[in-house]
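Peer 1: I'd like to ask some things about the structure below.
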Amino acid sequence: MLRLAVPILHVASSTAAESFYRQLGFEAESRYRPVEAQADPCYLVLVRDDVRVHLSSFPGDSVAGGAVNLYVSDVDALHNELAASGLATEMEPTDQSWGTREVYVTDPDGNSLRFVHAPAL
């Protein structure tokens, strides 16, 4: 029955958010702006590899400060990539007691992006 959940992260500025997520290697897949001449409000779908992140600056679409787990095959390689680009992480790669290895990044709106390597997945 259930097949997929798509969390929406709230952002104040779609252009600032898109710029930040590009540093993480994401590219815009689609944008919806009711008034094309205005940057906001905007609904963005960003993609990297086969992972999509949905961002919205529309009032009522979530609240800033959310969190999302992004499962990766090599969290250390990703951390090295982010460090090389000058992007600060909130938490260095850490082995968690529940069996995953994780690194955290916070976007400009306070949303926590938790990159997780789970050997069983």
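Peer 1: Tell me, what % of the accessible area of the chain is carbon and sulfur with a 1.4 angstrom probe?
Peer 2: 53
Peer 1: Using only Cα atoms and rounding to the nearest 10 degrees, what angle (0 to 90) does helix 14-23 make with the longest principal axis of the chain?
Peer 2: 30
Peer 1: Sticking with this structure for a sec: Taking the Cβ of residue 33 as the centre, find all other residues whose Cβ is under 15 Å away and add up their charges (Lys, Arg: +1; Asp, Glu: -1). Each step should come with its number before you reach the end.
Peer 2: On the way: positive: 31; negative: 18, 29, 36, 40, 61.
In short, -4.
Peer 1: Only bridges with both residues in the chain count here: give the DSSP antiparallel percent, nearest 5.
Peer 2: The antiparallel fraction comes to roughly 70 percent.
Peer 1: Net charge near residue 83, counting Lys/Arg +1 and Asp/Glu -1 over other residues with Cβ under 11 Å of its Cβ?
Peer 2: On the way: positive: none; negative: 76, 81, 92.
Summing Lys/Arg as +1 and Asp/Glu as -1 gives -3.
Peer 1: With the other protein chains left in place, how much accessible area per residue, in square angstrom, belongs to the stretch 1-111 at a 1.4 angstrom probe?
Peer 2: Details: 6510 Å² over 111 residues.
Accessible surface, normalised per residue, equals 59 Å².
Peer 1: Out of all DSSP beta bridges with both ends in the stretch 1-61, state the antiparallel percent to the nearest 5.
Peer 2: Numbers: 11 of 14 bridges.
Approximately 80 percent, going by the DSSP bridge assignments.
Peer 1: What ratio of Cα Rg to 2.2 N^0.38 Å holds for the chain? Mind showing how you got there, number by number?
Peer 2: Values: Rg = 14.8 Å, N = 121, 2.2 N^0.38 = 13.6 Å.
Dividing the Cα radius of gyration by 2.2 N^0.38 Å gives 1.09.
Peer 1: Another one. Scale the Cα Rg of the stretch 19-83 by the rule-of-thumb value 2.2 N^0.38 Å and send over the ratio, two decimals.
Peer 2: The reported ratio for this selection is 1.27.
Peer 1: Nearest 10 degrees, 0 to 90: what angle lies between the long axis of helix 75-84 and the longest principal axis of the chain (Cα atoms)?
Peer 2: 60
Peer 1: Which value in deg cm²/dmol, rounded to the nearest 500, describes the helix-derived mean residue ellipticity at 222 nm for the chain, given -39,500 (n - 2.57) per DSSP H run of n ≥ 4 and division by the residue count? All intermediate terms of the calculation are to be shown ahead of the outcome.
Peer 2: Values: 2 runs with 20 residues, N = 121.
After summing the helix terms and dividing by residue count, I get -5000 deg cm²/dmol.
Peer 1: Note down the net charge around residue 64, summing +1 for each Lys or Arg and -1 for each Asp or Glu among other residues with Cβ under 15 Å from its Cβ. Mind showing how you got there, number by number?
Peer 2: Values: positive: none; negative: 40, 61, 107, 109.
Local net charge: -4.
Peer 1: Right, here's the next one. How high is the relative contact order of the chain, given as a whole-number percent (alpha carbon pairs under 8 Å, six or more residues apart)?
Peer 2: Working: 227 pairs, mean separation 30.2, N = 121.
Relative CO of the chain lands at 25 percent.
The values are calculated or read from the model by the stated rules, or taken from the named source; none is laboratory data. Keep in mind that what you see is a predicted model, and the values were worked out from it rather than measured. Cβ atoms come from the backbone with ideal geometry, glycine included; neighbour counts cover every protein chain shown. Surface areas here come from the heavy atoms of the whole protein model, side chains and all, with no ligands, DNA or RNA. Shrake-Rupley method; radii C 1.70, N 1.55, O 1.52, S 1.80 Å.
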